[in-house]
1. Which one is farthest from the ligand (Cβ to nearest atom) among residues in region 90-133 that are surrounded by fewer than 19 Cβ atoms within 10 Å (Cβ to Cβ) and among the hydroxyl-bearing types (Ser, Thr, Tyr)?
2. For region 92-124, what are the residues that are in contact with a strand residue (DSSP E or B) (Cβ under 7 Å, 6 or more places away or on another chain), farther than 28 Å from Pro39 by Cβ and not aliphatic (A, V, I, L, M)?
3. Consider only pairs whose beta carbons are under 7 Å apart and that are at least six residues apart or on different chains; among these, list those whose first residue lies in region 128-144 and is closer than 16 Å to Ser102 by Cα and whose second residue is of a type in the set (Lys, Arg) and in a loop (DSSP other than H, G, I, E, B).
4. Please work out if Leu73 is modelled with pLDDT of 95 or more and over 14 Å from the mean Cα position of the chain (by Cα).
5. Do the conditions hold for Gly19, that is, is it of a type in the set (Gly, Ala, Ser), in contact (Cβ under 8 Å) with a residue 24 or more places away in the chain and away from the ligand (no atom under 16 Å from the Cβ)?
6. Filter region 29-68 for residues that are away from the ligand (no atom under 16 Å from the Cβ) and under 19 Å from Gly186 (Cβ atoms) and give the result.
7. Of Glu68, Glu40, which residue is surrounded by fewer than 17 Cβ atoms within 10 Å (Cβ to Cβ) and farther than 20 Å from Thr13 by Cα?
8. Of the conditions (1) among the charged types (D, E, K, R); (2) over 17 Å from Phe153 (Cβ atoms); (3) surrounded by fewer than 17 Cβ atoms within 10 Å (Cβ to Cβ), Glu76 fails just one. Which one is it?
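The values are calculated or read from the model by the stated rules, or taken from the named source; none is laboratory data. In this text the structure is predicted, and so the values were computed from the model without any measurement. Because the Cβ atoms are built from the backbone with ideal geometry, glycine has one as well, and the counts that use them run over all protein chains shown.
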Amino acid sequence: MDYLNIAACIPCTEAEGPGKRFSLWLQGCLQRCPGCCNPEMQEFVPRRIVSVDEVLQRIEQAAAMGIEGITLLGGEPMLQAKGLAVIARECRRRSLSVVVFSGYTLRQLQRDALPGVHELLAHSDILVDGPFIATMPDLTRCWVGSTNQRFHFLSGRYPSGIESAGPCRDVAELRRLPNGACVINGAPRMSHFLRS
Ligand code: SF4
């Protein structure tokens with residue numbers, strides 16, 4: 001059975017892609033982009049180790065909230081693509097869409113063939129690629145932080161240009177968790193995931 005090292009999970013958010021989405025942040029990233037929104041998710045340390053089956057169960061529960069899909073981000077999802085590919089395949093089977101944010105470009109992903117990457121891409125609807133570059137802030141498109149990052153529409157589910165079409169700029173959500181911590185997600189131009 002595949003296991004994932006996850007940094008955070010929100011069962012239903014409207015700030016990480018089109019519609020309501022189950023969002024999963026993966027722990028560990030090699031890029032070290034200056035100005036990274038989630039620097040605590042860069043280190044390769046165990047955070048929450050969960051099985052693929054457990055994540056699928058959580059997605060099943062989230063489906064009751066009317067989610068239209070899942071979003072995978074981090075951290076770097078492509079470094080855990082093998083397990084995520086199984087999740088993406090099962091989500092697509094349930095008609096849930098799959099959006100992935102990666103610090104690698106699509107060309108790098110196709111060339112370097114990390115384990116499970118081709119399968120994950122095959123079961124994804126949108127890939128947003130490229131590292132965050134703080135000197136190139138994107139002030140117009142939804143969901144991304146810098147202008148170098150590209151949207152790749154890998155299926156026909158979403159129309160090209162969706163990232164510029166909606167009124168979703170700078171959506172941010174504030175949550176209070178059962179343990180009292182406050183979490184902000186969304187608005188990549190803000191420093192988010194503030195915790196107390
Ligand atoms: S790729 Fe994303 S998670 Fe990784 S360092 Fe860059 S901004 Fe942070």
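1. Ser95
2. Arg92, Ser97, His123
3. Cys142/Arg169
4. Values: modelled with pLDDT of 95 or more: yes; over 14 Å from the mean Cα position of the chain (by Cα): no.
When the stated conditions are applied, Leu73 does not pass them.
5. Taking the combined requirement at face value, the residue satisfies it.
6. Ala62, Met65, Gly66, Ile67, Glu68
7. Just a single option satisfies the conditions, and that option is Glu40.
8. Here Glu76 clears every test but (3).
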